[in-house]
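Read the structure below first, then the notes.
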Amino acid sequence: MARLHLRDGALATSGAGEQFFEVDGRRYGHVLDPRSGWPAAGVLSVSVVTAEGALSDALSTAFLVGGLDVARRYCAAHPATLVLLTPDDAERRPVVLGAFEGARVDVDSRRPEGVERA
């Protein structure tokens, strides 16, 4: 889907693609939404680049739970943050938000649907 080139930054990824369980044919991720107590839904994975590893880690989990709108608002207010978010929808088309000076995202040209830059 994409390749991330990173220099002088920290990358963290949170996702529900590997750690999940199924009940009655429905898939539930392992990260809980503290607002509801239920597994987070709507996002398959989130990768975040910032200058600090602990911040990238915390944000990747927060955006997995909070979704695209939360990630978009955060990036608008914090310009040194790059987010690669994959919604858990039929398209599963990754979205790139924000920017980080030492990071570059190259889209895989073999995937015609590409990556959305928001």
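The values are calculated or read from the model by the stated rules, or taken from the named source; none is laboratory data. Not measured: the values here are computed from a predicted model. Heads up, the Cβs are rebuilt from the backbone with ideal geometry, glycines too, and the neighbour counts pull from every protein chain shown. Note: areas computed on protein heavy atoms with side chains; ligands, DNA, RNA excluded. Shrake-Rupley method; radii C 1.70, N 1.55, O 1.52, S 1.80 Å.
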Q: Sort the chain into rounded, prolate or oblate with this rule: let a ≥ b ≥ c be the square roots of the eigenvalues of the Cα gyration tensor; rounded if a/c is under 1.5, and if a/c is not under 1.5, prolate when a/b is larger than b/c, oblate otherwise.
A: oblate
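Rolling a 1.4 Å sphere over the protein heavy atoms, what is the accessible area per residue of the chain, to the nearest Å²? The partial results should precede the final answer.
On the way: 7150 Å² over 118 residues.
Ligands and nucleic acids excluded, the figure is 61 Å² per residue.
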**Q.** Degrees between helix 68-77 axis and first principal axis of the chain (Cα, 0 to 90, nearest 10)
**A.** 30
Q) By the scheme Lys and Arg +1, Asp and Glu -1, what is the net charge of all other residues having a beta-carbon under 12 Å from that of L11? A) -2
Q. In degrees, nearest 10, range 0 to 90: what is the angle between the Cα axis of helix 53-66 and the longest Cα principal axis of the chain?
A. 50
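Rounded to a whole number, what % of the accessible area of the chain do carbon and sulfur atoms account for, probe 1.4 Å? Spell out each step's value before the answer.
On the way: 3600 of 7150 Å².
Exposed carbon and sulfur together represent 50 percent of the surface.
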Q. What residues have an amide H closer than 5 Å to that of V43, excluding those fewer than 5 places away on the same chain, when H is modeled at 1.01 Å from N in the peptide plane?
A. D88
Q | Summed side-chain charge close to A51 - residues other than A51 whose Cβ falls under 14 Å, Lys, Arg +1, Asp, Glu -1 | A | -3
Q.
At 1.4 Å probe size, put T13, T86 in order of accessible surface, largest to smallest.
A. T13, T86
Q | Spin-label pair R35/D106, simplified geometry with 7 Å Cα→Cβ offset, distance in nm | A | 3.8
Q: Mind checking which of F100, L85, L64 is farthest towards the positive end of the chain's charge dipole, using Cβ charges of +1 (Lys, Arg) and -1 (Asp, Glu) about the Cα centre?
A: F100
Q.
Taking the Cα centre as origin and putting +1 on Lys and Arg beta-carbons and -1 on Asp and Glu beta-carbons, what dipole magnitude results for the chain, to the nearest 20 debye?
A. 220
